Structures are given as structure tokens and as C-alpha cells.
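**Q** Structure incoming, see below.
The values are calculated or read from the model by the stated rules, or taken from the named source; none is laboratory data. Since the structure is predicted, the reported quantities are computational estimates derived from the model, not experimental observations. Cβ: placed from backbone, ideal geometry, glycine included. Neighbour counts: every protein chain shown.
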Amino acid sequence: MTELAINFPFALQGAPAPQVQGIDLSWYLALSAVLFTIGVVGVIIKRNVISMFMCIELMLNAVNLTFVAFASYFRDVTGQLFVFIVMTVAAAEAAVGLGIIIAIFRNRESLDVDDANILKL
Amino acid sequence: MNFFAVALQAGTSPDINFPLILPEMIVCGVAVLVMFLDAFMRRSQRWVTGGLSLLGLAAGAAATIWLWTRGAGSLGTFNGMIVLDEIRLSFTLVVIFVSALTVLLSVVWVEGEHLPAGEFHSLLLFATSGMMLMASGGDLVIIFLGLEILSIATYVMCGFRRTDLRSNESSLKYFILGSFSSAFLLYGIALVYGATATVRGSGVVAGTTNIAQIGERVMAGDIMYPALLFAGAAFMLVGFGFKIATAPFHVWTPDVYEGAPTPVTAFMAAGPKAAGFASFLRVFIFGFPFVGAVASASSATNVHDAWLHALAILAIITMSVGNVAAIVQNNVKRMLAYSSIAHAGYALVGFVAAGAATDATQRADALAAVAFYMLTYAVMNLGAFAVVTLIARQNDRRTEVEDYNGIGFRAPALSFTLSIFLLSLLGMPLTAGFIGKVAVFASALNVGSSAPAASSLYTILVVIGVLNTAISAYYYLRLIIVMFFRERTTEWAVPRIPASMALVLVITILGVFYLGLFPGRVLDAFKRKPASGAVTQIAR
């Protein structure tokens, strides 16, 4: 992480990036890495489908944070556009995912993934 | 990716060239049309949507061939978002072929199961447009979008038999693990975007998600955060590894393939895998290219070496795990799922060869070999699944190996065609599977002979590939033996073969022998670069 915290000149397009004193890029990246890890661990240890799905959303938001942090650091719009696309896709995924979850709940009345064992893993 | 930024700064019109995305637009438009038509049509006319889908796919294929032979003025558009090269075109043709056969496979099936045909066909077409975008994306954002269009449509198709618990479970597992892997891929993209920033003069140039630009910066050693580049490449490797079902990331495959309706399984084993390979190849071979002995580019060379070795190991594990696990399966769909994992491993050998190639012709040969492999796999796999669909009957009831006991001489048309497909999957000479394997393995040996430093690696890869082919003989031949040499104890009526299914079987049988006996034309076509500048740009 020390390598990330280098300070390089901020003379891209006019004004320098508005930064909170003492909080540089590496803090944001560390936070998003922690969030992503929490999401991954959650997907692995949670047994309820809805909780697993929420952990996946957490992973996607960690990615969004990374994009926004870089975009604001570079004063570049690319990362922010990417975040819009990720959010749209996540919404579409949520719609389909909840539909699938409802279909399985109607047939089985349980959302515990350990019950999903007709097909052996 | 800086589409708007460039347009605003330069004050010019943005770089738009619609003919270049004509195939994608056609397929997407027909998908919307099918969806609308379905809403206003009576149940008895539902075959119309299948016919319309086929027409749309044929038009998409024609547009692709037109792009290949005539060109559309430039080799890239939308500021590098879409590229036109031989990988895009060959893989686009493969996925269109897969979808067209899936439509034929599903027209009768979807009626017999009392499922909404129009919805199924429009989802299939949307998935196809996603796959085509994955093959044509020159920017990570397009590849991500294509992947999600494909995945979301496929999640629904897996769970299409809503009242069947197996189908529900399959779609749930695919959904959870698919979006999990998408998140990995996305995190990799974010890290690569941050890593590829460079310093120019006194200013910092922002990172990029354009694959060609990433490749240029890696080549020049112009990377601000090499460590992040490594992490990003690793995350993307995991994400793509999930999608094409390479070995440590393959656990979802057998469950999802077994539970999904059989025509959907046929589609998933051939189409998304080919599209996944197209974007995987493009990102890693052109985004993290071979740098050679440039002194300033030590970090960048390392990223190439790292992914090449990781993929070589993945190829070995994938081939072995797929084939060994397939031996113990008692369900035919599950067995074919493990076989599809093994085939992804064989194709990865060609991928490694393409990555290791030091000159352009060798690389083009290896890339064409992978595309050709995907085509041969699509042909024989769809044929095999067509027979499995027919034997499974309604609700996929009969998919166990015992259900194939002694059907050999009772239904000779089905059992002989299935035997041909199984022998082709095994890689018997004269069939497509043999030439596919030869092309992939030969490209690996070629690369090995011209790179003496690590040539043993490629030899080992090929040797393990051939050994695995020998292992796979067990389970492919076992099914043939079960069909012909086992007694049938239970009642069994010969399934009726509808015309559309017969057409699928004829096309795939002809394909297996055509690609097996005269592969030269297709292989040469896949190597041909698209024409550029032949047509003046229309919408500039």
C-alpha cells in the first residue's frame, strides 16, 4: 500500500482535486478492498440466498468506490461513467435475481441454500 | 471510454460508424421485435417467433460476412469501443451458429413443455447480442456489458421451467455464482483502470479501460502502479475463469448444466463458452501482451509471464479434473458438463500458445485454432445434446445412463448419430473433434519449437492433453457400449423425431464430417484479416 500513497503533481485540468486533509487515494482503495473482502466472505459463509445476494451487491459497491476514487484522483470522467453502467447492470441483475428467488420460494418455501440439494454439488 | 470527453473537448462529432455494429444491431432489433410480436400473437401462431429469430440470426451472419469481405471503412469505431478484426468475426459467426441451432432445437421442445416460446426466443437473441458484443468489444466496458447481457438472459433461460425444482435450483446457482464472478471481473477492471495511469511531463494521464491503450502502455512500460496491474489481471483471470468454467472455478458447471432444460444446456456449453474465450483472448493477449526484452518494461513483461504460466497450470488442471470427474458420472447431462470443462482445458492450450507466440503469424494461427476449436466443439456438442433432448422426453425425465440401455438397435437413427458425436468429442480421426485438437496442439508445439527457453512447458501441455484424450475414451465409449451391448429391461418407446430436430441432426452430422475432412477452408477463413477501407464511411 505504501507504493500507492505517492504524491504526484496535480496539474491536469485547472483546479487540484478537492482532498480532505490527510486522506489520499490509498485510504479509499483500502476501504474498498475491505468492503470487497467482506462481500466475498459473506457470500461464502452466509446460508440465506437474500443475504448472499446482498453480499454480492456489497462487492459491486466496493468496485464502484474504487472507480470513483480513481476517477476523482485522475480528474477523469471514465471511471464515473463506468460506475453508472455498473449501477444499471446491478439493478437489472437484482430484478432477475429476485424473480429467481421468488420462483424457488414458491416451489420450496425455503431460502436456505443447504436445502438446494437436489443437484449434488 | 472517454467518448463524451473527446467529443466535447475537440468540438467535433463523435466517432460513430454504424455499419461496424450492424450484426449486433440486427440481432438486438430482431430480439425486440420478437418480444413485441409475441405479446400480440395467439398461441397457435407461436412458431412465427422461431422462424423470425432464425431470419434475424441469418441476417446477422450475413452482415458479419459482409463486414469481413467488404469492410466498413475502419477497423475500429466509437473511440475504440468496437473493433473489427478476425477474432471478432470468427467468434461472432460461431455464436450465431450456436444460437441458430438452439432455436431449431427448441421450437418443438418449447411447445411440448407448454412454455412461452416468444419469451424464450427473445431471451436467446438478447443473449446472442451480448455474446456478439463480448467478441467485438475493444474496451473493457463493452466486454462487461456484453457479458452481463448474456448472463442475465441465461439466468432466466436456466430457470425457464418455472415449476421444476431442478430448473429453479440450476438458475439460482448460476445466478449467485455468475454474479459473484462478475464482481471479481469488475474489481479487476477497476484495478487495471487505476493502474494504467501514466505520468507525461508534469501532468498525470488518467488510466484507461481501452484494451489497445492498455496494451500500448504495458508495452512501453508506462504503468504507474505495476502492483495494481498484477492484482487487476489476477482478478480478471478469476472472473473469466468462472465464465468459461476452468478447473478451480468450475464447481457450478455440472449442477447448472444438469438442472437447466436440455436445449438451454446445449446452448450454454457451446455459446457463452465461445464468447467468453473471445473476450478472454482479447483482454489478455492484446491488453497484457508479450513485451520481449525491453529493459524499461520489466514489470510489464512479468505480468505477461505471470498470466501465461497461470493459464498453463489452469489448462492442465482443467483437462484433468474434467475428464477424471466425468468417468464417475451416471447422468448423461452431468457427464457432458464435465466433458465441456475438459474441452475448455484443451482450448486453453491454444490460448497459452497464442499468448506465448512471439511473431504475428504464429499468434494468428493459434487464435484461429482456438476459434476453430470452439466451432468444432459447438457442432458436436449441439448434436449430442439434440439426441439427449429427444431421449429425455418431456420434463427431462430420462437423462440417466441406464435410460440408454439397449436402445442401440431400437432407435438406430438416434444411437448412431449420438455415437458419431461421442467419437468426435473423443477426437477420432475423420471427425471435427480430431482436427480441432490437432490444430490446438500443433499451435502449442509450434510456439514451443520457436521458443527454446521454455519449450518443455508446451510439450508437457500437449502430452497431458493427449493423455487426457485417452482418459476421456472411457466415458465416451461407455455410453456407446451401454447403447448397443446392454439389455433393456424396461419398456421403451422410440421417440418421434420432429422435422426441426432432424434438421439439427443433419446439419451437425454434416458439420462433423465437413470440419473433419476438409478443415482447410474454415481454418484459412478464420485467419483472414477483415478488409479495411473498401467501403467509404457512411455515417461520419
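Conditions tested, residue by residue: (1) exposed (fewer than 13 other Cβ atoms within 10 Å of the Cβ); (2) at pLDDT below 90.
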site: B:Ala439; (1), (2): no, no
site: B:Pro452; (1), (2): yes, yes
site: B:Leu457; (1), (2): no, yes
site: B:Leu461; (1), (2): no, no
site: B:Phe484; (1), (2): no, no
site: B:Ala534; (1), (2): yes, yes
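**Q** What number goes with the only condition from (1) more than 16 Å from B:Ser340 (Cβ to Cβ); (2) in a helix (DSSP H, G or I); (3) more than 8 Å from chain A (Cβ to nearest Cβ) that B:Leu228 does not pass?
**A** (3)
**Q** Consider B:Ile211 against the criteria (1) more than 12 Å from chain A (Cβ to nearest Cβ); (2) modelled with pLDDT of 90 or more; (3) within 21 Å of B:Ile316 (Cβ to Cβ): it satisfies all of them except one. Which criterion is unmet?
**A** The failed condition is (3).
**Q** Let me ask another. Out of B:Ala245, B:Ala270, which single residue is part of a helix (DSSP H, G or I) and either touching a residue at least 12 places away in the same chain (Cβ under 8 Å) or crowded, with 24+ Cβ neighbours inside 10 Å (or both)?
**A** Exactly one residue qualifies, and that residue is B:Ala270.
For every residue, the table says whether it meets (1) of a type in the set (Val, Ile, Thr); (2) under 26 Å from B:Val205 (Cα atoms); (3) within 7 Å of chain B (Cβ to nearest Cβ).
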{"residue": "A:Val34", "(1), (2), (3)": "yes, no, no"}
{"residue": "A:Ile50", "(1), (2), (3)": "yes, no, no"}
{"residue": "A:Cys55", "(1), (2), (3)": "no, no, no"}
{"residue": "A:Val77", "(1), (2), (3)": "yes, yes, yes"}
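**Q** While we're looking at this one, here's another question. Out of the residues in region B:174-190 meeting the condition of being surrounded by 22 or more Cβ atoms within 10 Å (Cβ to Cβ) and more than 7 Å from chain A (Cβ to nearest Cβ), tell me which one is nearest to A:Phe82 (Cα to Cα).
**A** Ranking the candidates gives B:Ile189 first.
**Q** Quickly run through region B:507-532 and pick out the residues that are over 15 Å from B:Ala371 (Cα atoms), modelled with pLDDT under 90 and part of a helix (DSSP H, G or I).
**A** None; the set is empty.
**Q** Continuing with the same structure: For region B:122-145, what are the residues that are under 20 Å from B:Met236 (Cβ atoms) and within 11 Å of chain A (Cβ to nearest Cβ)?
**A** Narrowing region B:122-145 to residues under 20 Å from B:Met236 (Cβ atoms): B:130-131, B:133-145.
The answer is B:Asp139, B:Leu140, B:Val141, B:Ile142, B:Phe144, B:Leu145.
**Q** Regarding region A:18-27, can at least one residue be identified that is aromatic (Phe, Trp, Tyr), closer than 23 Å to A:Thr88 by Cβ and either in contact with a strand residue (DSSP E or B) (Cβ under 6 Å, 6 or more places away or on another chain) or modelled with pLDDT of 85 or more (or both)?
**A** Checking region A:18-27: not a single residue is aromatic (Phe, Trp, Tyr), closer than 23 Å to A:Thr88 by Cβ and either in contact with a strand residue (DSSP E or B) (Cβ under 6 Å, 6 or more places away or on another chain) or modelled with pLDDT of 85 or more (or both).
**Q** Only residues that are surrounded by fewer than 23 Cβ atoms within 10 Å (Cβ to Cβ) and either free of Cβ contacts under 8 Å to residues at least 60 places away in the same chain or within 17 Å of B:Leu461 (Cα to Cα) (or both): list them for region B:360-371, please.
**A** B:Ala360, B:Thr361
**Q** While we're looking at this one, here's another question. Identify the residue in region B:154-200 that is touching a helix residue (DSSP H, G or I) at 6+ places or on another chain (Cβ under 6 Å) and among the charged types (D, E, K, R) and, among all such residues, is nearest to A:Met54 (Cα to Cα).
**A** Among them, the one singled out is B:Lys173.
**Q** Another question about this same structure. Condition first: more than 14 Å from chain A (Cβ to nearest Cβ) and hydrophobic (A, V, I, L, M, F, W, C). Now tell me which residues in region B:106-121 satisfy that.
**A** B:Val107, B:Val108, B:Trp109, B:Val110, B:Ala117, B:Phe120
**Q** Limited to region B:156-172, what total is found for residues that are surrounded by fewer than 24 Cβ atoms within 10 Å (Cβ to Cβ) and facing chain A (nearest Cβ under 7 Å)?
**A** Result for region B:156-172: 5.
**Q** Go through region B:146-180 residue by residue and tally those that are over 19 Å from B:Lys273 (Cα atoms) and in a helix (DSSP H, G or I).
**A** 6
**Q** Between a residue in region B:301-324 that is hydroxyl-bearing (Ser, Thr, Tyr) and any residue that is not in a helix (DSSP H, G or I), which pairs come within a Cβ distance under 6 Å, given they are 6 or more apart or on different chains?
**A** Every condition considered, the pairs that remain are B:Thr301/B:Val291; B:Thr318/B:Thr246.
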